[in-house]
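Below: the structure, in structure tokens.
The values are calculated or read from the model by the stated rules, or taken from the named source; none is laboratory data. Note that the structure is predicted; figures quoted are calculated from it, not measured. Positions of Cβ are generated from backbone atoms using ideal geometry, with glycine treated the same way; all protein chains shown enter the neighbour counts. Please note that ligands, DNA and RNA were not included when accessible areas were found on the heavy atoms of the full protein model with its side chains. Shrake-Rupley method; radii C 1.70, N 1.55, O 1.52, S 1.80 Å.
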Amino acid sequence: MSAEYQVNGSVAVITLANPPVNGLGLATRSAAVEGIQKALADAAVKAIVITGAGKAFSGGADIKEFNSPKALAEPTLHTLIRVVEESSKPVVAAIHSVCMGGGLELALGCNYRVASPGAQMALPEVKLGLLPGAGGTQRLPRVLGLEMALNMIVSGTPVASEKLAQTALFDEVTAPGADLMAAALAFAEKIADVRPLPKVRDRKVDYPNHEAFLQFSRNTVKAMSGPFPAPLQCVETVAASVTMKFEDGLKFERERFMQLIQSSESKALRHAFFAERIAGKVPDVPADTPTRGIALAAVIGAGTMGGGIAMNFVNAGIPVILLESKQEALDKGLATIRQNYENTLKKGKLTQEKFEQRMALISGTLSYEAIGQADIVVEAVFEDMGVKESVFKKLDEVMKPGAILASNTSTLDLDKIAAFTKRPQDVIGTHFFSPANVMKLLEIVRGAATGKDVLATTLALSKKMKKTGVVSGVCDGFIGNRMIEQYSRQAGFLLEEGCLPEQVDKAAEKFGFAMGPFRMGDLAGNDIGWYIRKRRYVEAPQISYSKTADLLCELGRFGQKTGAGWYDYQAGDRKAYPSAVVNEMIVRHSADIGVERRKIGEQEIVERLVYALVNEAARILEEGIALRASDIDMVYLTGYGFPLYRGGPMFYADTVGLPNVLSAMEKYAKGRHGDDWTPAPLLLKLAAEGKTFNG
């Protein structure tokens, strides 16, 4: 049953019942229309109440029907709202908990609205690159006024019902703890005979000098929305609520909605929306897999990464013990955490009470024995197998049975790490991204022996920490760093062939990356990459690298932390200034290796960087290291600054067309390091079959 119908005295109650948030799918829309028709045909019914079962009035469109013909099948949401609006008997929306998107548009089609306090009201379509497409841009300004409605629609941010209590959106907001249905039924009986029936569409939007306000809004939104077209289109459609008749405004809204739904930006945002929801699903680890309780955590290493990881536990309300080998390092780590929270407190994003609560959850120790009772321990020590070995052998000795032993390794073989213990089933990789208390991605590395309950627990923990957990198999670099190595190698070769760091970074950032490869290297620390390359020179001598990065590190230019990297930095200033020393070094190196420098355009720079990612990702997918192409996209959207409006490397390749990606790769295969452009078999197969990665 997707909508329930019952009669209470002279009032028919239609309850939307499509868990978890009563999405307005085809079955729900059909049942709601049937319910209204049934109520209209019953002479004993004087009024109708529409509400939602469980924990929502309605969250809007049913995401399971997104991008499917069902979304446009009759009765559409437009049809349902029209049936409600044209009802000859008054219709009251009884709103609670969640009323968003199409759910709010449905409520606006009702004659009256009664709400409980705390109900989250929103039109969040802009977050999917869309605008409200079922009258929201025309009706909301008629009840909230132009300015408040525009702010809600352009931001997509939820507003609590009690904050809107004095507006025409609600006819009544109940007292805290009051019975909403009792209030709605009493209200329905009270207005049952009132005629004419009030309709939101009949109201006027009255805003003096609206032209000046709308122009100001256009200018502001344009400056803030960057490459996304939807926010500005929201302004234009809301403007129509003032400048057009209702039906014309509705038509205008629909036209703009249909344009946006076909835009690459909206397709990318919708892809990311679904990719995030599916990322935590592992085929052989069902949703009801038992999880282990996490009441106490420990983190080994109080450096930048360890401190950030500890903050994640604390933010999730989990006490954490920070372990260091020296008191000085421990004191410094705890002081940095305190400073981070104090900065948040000063910005008003944390209350004094919360600040004290969080600091009370952190303690420090120099003794392994002190962490023995922790339910999970995350090692965040130096990225060296010898160091990891000593840590995990010690953990195997001191940790209680059933404790999860997690490694924050970014590249090393997790199965080898697990083999240092007598409990490989308890070992898992939790690769946090720096700064760990800010970055959304958590790459969860599943070893050959990792227990299903350990994986399920870690996935649940990532949600509790408000992270996007993506599962990876074991290989050198896992998903993200294995791919970024190919990207970085191409960046290095571009330097040898004719580019300078600022040219490469400018092209990458114009494409939409948060940072180009060289600014990113300076931020992360060029010595980290140097250390990994030295290991690779021994373990994989067949892989070629540009020596420019090694030459840079030999000069001690490790990045922002040393005040000099690919760029020069000034004290107290994170701005990257082109370095004459580095640029001369690059040009000299090209001459030393006998490469004649040439002019390289932006298109070649971007294609070589991005298609290197795509080709390696195709191998990762084929090997089963990643479960699905969309998981790879999530890794890059949430961990590596890939532009959201391009949907991730795999989605971007699908958008460009895989045959076009292959064509570009064939061209680059004729240049230096042509072997790098050997297409992954999966890429060749999908292109030949006319398929996509995310098909």
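Which of the residues belonging to the range 372-397 are in a helix (DSSP H, G or I), aliphatic (A, V, I, L, M) and under 19 Å from V454 (Cα atoms)?
Within the range 372-397, L395 is the sole residue that qualifies.
When only residues in the range 28-37 that are buried (at least 16 other Cβ atoms within 10 Å of the Cβ) and over 21 Å from F187 (Cβ atoms) count, which is farthest from the chain's Cα centre (by Cα)?
By that ranking, first place goes to V33.
Would a scan of the range 38-61 turn up a residue that is surrounded by fewer than 17 Cβ atoms within 10 Å (Cβ to Cβ) and touching a residue at least 60 places away in the same chain (Cβ under 8 Å)?
no
Given the criterion among the aliphatic types (A, V, I, L, M), closer than 30 Å to G469 by Cβ and open to solvent by 70 Å² or more (accessible area, probe 1.4 Å), identify the matching residue among L627, L621, L609.
Going through L627, L621, L609 in turn, just one is among the aliphatic types (A, V, I, L, M), closer than 30 Å to G469 by Cβ and open to solvent by 70 Å² or more (accessible area, probe 1.4 Å): L627.
Please state which one of V154, V159, V91 is under 26 Å from the mean Cα position of the chain (by Cα), over 17 Å from V21 (Cβ atoms), open to solvent by less than 40 Å² (accessible area, probe 1.4 Å) and without any contact (Cβ under 8 Å) to a residue 60 or more places away in the chain.
V159
Within the range 520-527, is there a residue that is over 20 Å from M305 (Cβ atoms), touching a residue at least 12 places away in the same chain (Cβ under 8 Å) and polar (S, T, N, Q)?
No, the range 520-527 contains no residue that is over 20 Å from M305 (Cβ atoms), touching a residue at least 12 places away in the same chain (Cβ under 8 Å) and polar (S, T, N, Q).
Quick check, is F382 under 21 Å from E485 (Cβ atoms) and open to solvent by less than 10 Å² (accessible area, probe 1.4 Å)?
No, not satisfied.
Only residues that are free of Cβ contacts under 8 Å to residues at least 60 places away in the same chain and closer than 29 Å to I479 by Cα: list them for the range 234-293, please.
Hits for the range 234-293 are K281, P286, A287, D288.
Would you check if there is a residue in the range 657-666 being closer than 28 Å to A524 by Cβ and either basic (K, R) or under 18 Å from the mean Cα position of the chain (by Cα) (or both)?
no
Go through the range 416-445 and count every residue that is at pLDDT 95 or above and small (G, A, S).
Selection size over the range 416-445: 3.
Go through the range 155-175 and report how many residues are in a helix (DSSP H, G or I), out of contact with any Ser or Thr (no Cβ under 8 Å at 6 or more places or on another chain) and either among the β-branched types (V, I, T) or over 14 Å from A230 (Cβ atoms) (or both).
3
Could you give me the residue pairs with C-beta distances under 8 Å whose first residue belongs to the range 649-667 and is touching a residue at least 60 places away in the same chain (Cβ under 8 Å), whose second residue is acidic (D, E) and part of a helix (DSSP H, G or I) wherever it lies, and which are 6+ apart or on separate chains?
P649/D633; F651/D633
Can you go through A335, A329 and tell me which one is loosely packed, with under 15 Cβ neighbours inside 10 Å and part of a helix (DSSP H, G or I)?
Answer to the check: A335.
Scanning the range 282-310 for residues that are assigned to a helix (DSSP H, G or I) and open to solvent by 10 Å² or more (accessible area, probe 1.4 Å), which turns out nearest to S390 (Cα to Cα)?
Checked the range 282-310; the qualifying residue nearest to S390 (Cα to Cα) is M305.
When the range 314-326 is examined, which residues are found to be open to solvent by less than 10 Å² (accessible area, probe 1.4 Å) and either among the charged types (D, E, K, R) or out of contact with any Lys or Arg (no Cβ under 9 Å at 6 or more places or on another chain) (or both)?
Passing the criteria: V320, L322, L323.
If you scan the range 554-577, which residues turn out to be out of contact with any strand residue (DSSP E or B) (no Cβ under 9 Å at 6 or more places or on another chain), free of Cβ contacts under 8 Å to residues at least 12 places away in the same chain and farther than 19 Å from A491 by Cβ?
If the condition is that a residue be out of contact with any strand residue (DSSP E or B) (no Cβ under 9 Å at 6 or more places or on another chain), free of Cβ contacts under 8 Å to residues at least 12 places away in the same chain and farther than 19 Å from A491 by Cβ, then A571, G572, D573 are the ones that fit.
Mind checking which residues of the range 67-88 are outside any helix (DSSP H, G or I) and either open to solvent by less than 10 Å² (accessible area, probe 1.4 Å) or under 21 Å from T157 (Cα atoms) (or both)?
S87
Which one is nearest to A47 (Cα to Cα), of the residues in the range 90-124 that are in a loop (DSSP other than H, G, I, E, B) and of a type in the set (S, T, Y)?
Looking at residues that are in a loop (DSSP other than H, G, I, E, B) and of a type in the set (S, T, Y), I get S116.
Quick one: what pairs do we get from the range 202-216, first residue more than 17 Å from K245 (Cβ to Cβ) and among the hydrophobic types (A, V, I, L, M, F, W, C), second at pLDDT below 95 and part of a loop (DSSP other than H, G, I, E, B), C-beta under 7 Å, 6+ apart or different chains?
F213/Y207
So, E236, is that one at pLDDT 95 or above and under 20 Å from I48 (Cβ atoms) or not?
no
Yes or no, residue by residue, for (1) over 18 Å from K281 (Cα atoms); (2) at pLDDT 95 or above; (3) surrounded by fewer than 22 Cβ atoms within 10 Å (Cβ to Cβ):
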| site | (1), (2), (3) |
| --- | --- |
| G447 | no, yes, no |
| K452 | no, yes, yes |
| T457 | no, yes, yes |
| K464 | no, yes, yes |
| S472 | no, yes, no |
| C475 | yes, yes, yes |
| I479 | no, yes, no |
| L494 | yes, yes, no |
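Looking for whichever is part of a helix (DSSP H, G or I) and among the basic types (K, R) here; the options are R195, R256. Which one fits?
Of the residues listed, the single one that is part of a helix (DSSP H, G or I) and among the basic types (K, R) is R256.
Could you tell me how many of the residues in the range 413-454 are in contact (Cβ under 8 Å) with a residue 40 or more places away in the chain and among the aliphatic types (A, V, I, L, M)?
Total satisfying the criteria: 6.
Return the residue satisfying two criteria in turn: it lies in the range 193-240 and is open to solvent by less than 30 Å² (accessible area, probe 1.4 Å) and of a type in the set (G, A, S), and of such residues it is farthest from A47 (Cα to Cα).
Result: S225.
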